[in-house]
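Here's the structure, in structure tokens; my notes come after.
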Amino acid sequence: MTAISLSSANATTVKADAVVIGIHGIDSELSLAAGAEQVAAAYGKGFLQALRDLEVSPEPGSVAKIPGAGVTSASVVAVVGLGPQGELDLESLRRACGGAARALAGKGTVALALPATHDDHVRAVADGALLGAYAFDHFLEKKTEPVEQFLILTDLARSKSAKQTVTDAETVAAAVHFARDLVNAPPNDLYPESFAERVKSRARRSKVSISVTDEKTLEANGYGGILGVGKGSARPPRLVKLSYKPNRPVAHIAFVGKGITFDSGGLSIKPANAMVTMKSDMAGAAAVSAAVFAIADLGLPVRVTAYACLAENMPSGKATRPGDVLTMYGGKTVEVLNTDAEGRLVLADGITTAADEKPDLLVDVATLTGACVVALGNHVTGVFSNDEDLHQELPQIAERGGELMWPLPIPEDIQDKVRSSKIADLSQHNPEPWGGASYAAGFLREFVPDGLTWAHLDIAGPAFNDDKATGYTPKGGTGAAVRTLVQLASERSS
């Protein structure tokens, strides 16, 4: 991964291939951001006017490259937008650094002469730069080389806390990249067994222990949800358990992730164009796996138990049919009405299993419903919970971690609908064409024991970016929810 460090060097003389500075403003009313003064002074009094004439934008995430022209040691100066003048928004700083990282791909060393007067700024600069310096080129003949090294120019270069801040940012960014790599992998390369192997391989470099349950043991133990979804595929399902147990933990958190490595819809088959991005339907399992590794590498005093519920949802003569009844792990029966609503089935088995560990808090993560995308769009995660405090707190935790989440309800009438089957304990699919995200959350809630605090994160929108790259968000897998889960563990640790 791209290296990053702090430096007290002068922005005009630092040994770098490019220097990044920031501007504030609205339209053509531009002003310099902190850190840009040395470079601007070297260009002379007409610098801001020149930027106006070049129509350089102050919008967050915008990047304009101008020649160093001998006034800086670097041959290129990248000017990034940081939004309006005033209190600096950390997300704008992250987006600006991410945009610069993408625009300067291929450079050896890039110096970031941006606001970095306290640790929060340093963290935002590091997060944006590292998350923006990402490329998935495993299957490309021509490789895309991210920036090799970033230097954050700051007066805090010798500060122990600032150095630790950068180290922590590297750890979390590496976890996000791990999740992105899993999501971006094609489904002929990533399937339940190979997913499990990649997690096992990653665990060898951490304090996380791994156990993998194969299809025979799943059947022997009554995992009807995972088996029911995976039975139509030639690739058998897996349940991966990840455990991090520090000495004297102050809390125990459980994570459960949906890991459908490809979702055809099963016998309730999707339209062809709706399948194109369905390799990403395992983004929840990728997120919880990556988060556990980050939490362990950060050394947080929180015990974490995570389950990645892995299956491939395919149609065949063995596939689960609409109308079938599945017996879930723990004994509840479910009438299947739509085999394309498969994620809640594997999650139900995972939630019941995780609850057996008696955690203080359980969070599941899933690309669960198109209905959540309809409600919140492609960039916001839906949050559901059985605890009102957590319901309101999680979006705030997510914001502090750099992600967008919004609380959504589970209305009172959902329970009756979920229990409306005449032949099984629960009905798997919403009988109405609306409220699908709330119904799915209500279904999952049925598997949460009384007294256990639970939250469900529906990342169907932000998990995969099918549009152009922006800021630090690449095209393809984004690593959605990783930073929030790590932030949650970090705050619970204190």
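FYI, it's all coordinate maths here, none of it is from the lab. The model shown is predicted, which means the values in this text are computed figures rather than measured ones. So basically every Cβ, Gly included, is an ideal-geometry build from the backbone, and we count neighbours across all protein chains shown.
Evaluating 6.51 cos²θ - 1.76 cosθ + 1.60 at θ = phi - 60° for every residue in the range 85-94, the Karplus couplings come out as 5, x, 5, 5, 7, 5, 5, 5, 5, 4 Hz, glycine and proline recorded as x. Here is the list for the range 124-203: trypsin sites (Lys or Arg not before Pro) lying in DSSP coil, each with at most 13 other C-beta atoms within 10 angstrom of its C-beta, are K142, K143, R158.
Taking other Cβ atoms within 10 Å as a rough exposure proxy, V373, V77, V346 sort from fewest to most as V373, V77, V346. Between N188 and K15, the contour length at 0.36 nm per residue exceeds the alpha carbon distance by 57.9 nm. For the range 87-244, the number of Lys pairs separated by eight or more positions or lying on different chains, with C-alpha atoms closer than 15 Å, is 4. Distance between the modelled labels on A69 and S28, one decimal in nanometres: 1.8 nm (7 Å Cα→Cβ projection).
Taking Cα atoms only, the orientation of helix 482-493 departs from the longest principal axis of the chain by about 90 degrees. Both radii come from the Cα set of the chain: Rg as radius of gyration, Rh as Kirkwood radius; their ratio Rg/Rh reads 1.02. Gain on full extension, evaluated as 0.36 nm per residue between E432 and A50 minus their Cα-Cα distance, stands at 131.7 nm. Residues whose amide H falls under 5 Å from that of T320, counting only those 5 or more places apart or on a different chain, are K231, G232, with hydrogens built in the peptide plane. Radius of gyration over Kirkwood radius for the range 247-388, both on Cα atoms: the Rg/Rh ratio is 1.00. A simple rule links phi to the HN-Hα coupling: the Karplus curve 6.51 cos²θ - 1.76 cosθ + 1.60 with θ = phi - 60°, which for the range 209-225 gives 9, 10, 9, 10, 9, 8, 5, 5, 6, 4, 5, 5, 9, x, 8, x, x Hz, with x for Gly and Pro.
Shown here are the Rg and Dmax of the Cα trace of the range 304-346, at 11.8, 39 Å. Using only Cα coordinates, the Kirkwood hydrodynamic radius of the range 1-156 works out to 15.2 Å.
With helices as the sole contributors, the chain gives -10500 deg cm²/dmol at 222 nm; each DSSP H run of n ≥ 4 counts as -39500 (n - 2.57), and the sum is divided by every residue.
Where does the range 408-494 land on Rg(C-alpha)/(2.2 N^0.38 Å)? Ratio of Rg to 2.2 N^0.38 Å for the range 408-494: 1.41. Considering only alpha-carbon pairs that sit under 8 angstrom and 6 or more positions apart, the relative contact order computed for the chain is 15 percent. Restriction of the GluC sites (Glu not before Pro) in the range 84-175 to DSSP coil positions whose beta-carbon has at most 12 other beta-carbons within 10 angstrom yields E87, E141. Most tightly packed first, judged by the mean number of other beta-carbon atoms within 10 Å of their residues, the peptides 284-290, 222-228 read 284-290, 222-228. In a DSSP loop and with at most 16 other Cβ atoms within 10 Å, the trypsin sites (Lys or Arg not before Pro) in the range 346-447 are R419, K422.
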